[in-house]
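A short write-up of the structure that comes next.
Read-outs: derived from the displayed coordinates by stated rules, not from any lab. Not measured: the values here are computed from a predicted model. Note: ideal-geometry Cβ built from the backbone for every residue, glycine included; neighbour counts use all protein chains shown.
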Amino acid sequence: MNILRGLAFLIGSCLMVPPAVAETTIYPRAALVIGNTKYKADVGPLRNSVNDAKAVAKTLRGLGFAVIEEHNVTRDELLEAVTEFRGRLHGSEVALFYYAGHGISVGGLNYLVPIKSGYQPAGGDNTTRRLLAETKLFNAEQISAEMSAGGGRCNLVILDACRNTPVALDASTRNAATVGGLSEMRPPAGSLVAFATDAGHTARDGAGSHGLYTEELLKHLTTPGLTIEQVFKRTRSGVLERSEGAQLPAEYSRLIGDDIYLAGPAPASPTPPPPNEITRAVKALPVMPPTPAELNQLAVAGRTSDCITALKLKASLEGPGDYAAAPLDTLLELTKEILKETTVASPKIDLAMDICKLVIEAIPGCLPPDHTQLSSLTAKAQNRRGDCLLILARPEEALPAYNAAIRLAPEDAYPVFNRGRAQLALGHKDEATADFTTAASDKFKQPKARQLALKALADME
């Protein structure tokens, strides 16, 4: 009887307490980014795949993606990452899988090659190779299936994986002199699969810090107003041109529904401002040079072109003078504010780039050659121009800007620190370490720059 009463109590308790409901986080944009470089000699190490993955992950985070980023993964680690990724896809608007590393075709199916896979196809027939591939590699069809089953509305699979590797040799289907290349794929509805080069061909690893395909892809992912399809079209055009026709990227698309803009729609055309005192002052320039107050008013209002035009007019009529220093400095402060609030490619970054360019061009003609601020203003403009180029994923162009700033302002730690960031983006780890170490030294009197440099060094460890 006591036992029955105990069971009744337990049953009643279960009925009284509502079951716990696990909270589900919705990720409108989710991504899994993989980069493999540390292959053994029998597979062939790669130079740029991890750099590619890091750059893509950073760009996607700037576009609002929740990113899982992994480097040099084994098959088990890749499977774990895919499981975690699939768990984030319910309710996603866009799901994206990016892979840079070795990939091969076996029996008409595509496989990604993990680190330490142990896959050796020699000496087996097609069935043997397929069984080995299924147990030691990762079937690219699986990621498409996982993403489709995960519930995302738009699924993108990007494979920068068509690299040369001896394990791609298949004597029964391919000439022994032709190494690498993937097979065509048919993704599920709502999905797009992108190859760095056409089926049956290999992609270039890249002479710089990125593979050719990913370098072009990064240029267009952050362009507002481009649909997903247009991003890949522009990428294909750039790769085709730079490879002189040797590499032609391919997509296999079964996307459905409305267009999706990864970087948002194109900005609306700005409405011309109504006439005001500044506009009337600019219109009067051919008659009378502006006063210093009018120049400052133009600069504070952010009317860069009008301000530079007014400065050049005054300089042509009165000669270079101190009057130019304040408005030029104000324009550069505008770029500082833009860079504080904007960390991804956008029309605002383009504006900041234009301001820096115009200021650099105007300084020699508007300031006397012995002016105390000539070097510091030029260095400031070059440093911020470099920052804009870094945001636009153009670190190779940012380096000369930072070098110019360092020559003009050797007492400033920020250009040294920023040059380190550019070196790191290019994969030049030793050079980056040297710059961060210098920027963190006691010879500079800028504690914030020192803190940033020390953090960068810690992050590299």
Query raised in the report: If Lys and Arg each add +1 and Asp and Glu each add -1, what is the summed charge of the other residues whose beta carbon sits under 12 Å from the beta carbon of P267?
Result: 0
Report summary line: Full extension between K357 and Q120 adds, at 0.36 nm per residue less the Cα distance, a length in nm of 79.8 nm
Report task. Find, among the GluC sites (Glu not before Pro) in segment 65-143, those assigned to loop by DSSP (not H, G, I, E, B) with at most 16 other beta-carbon atoms within 10 angstrom. Result -> E93
**Report entry** Net lengthening on full extension, T83/T227 (0.36 nm per residue, minus Cα-Cα)
**Finding:** 49.0 nm
Requested in this report: Determine which residues of segment 302-324 fall in the zone a paramagnetic label at E341 would reach in this model, i.e. backbone nitrogen under 13 Å from the point 7 Å along Cα→Cβ.
Outcome: 302
Query raised in the report: Restricting attention to segment 373-448, which trypsin sites (Lys or Arg not before Pro) occupy a DSSP loop and are surrounded by at most 10 other Cβ atoms within 10 Å?
Result: K443, K445
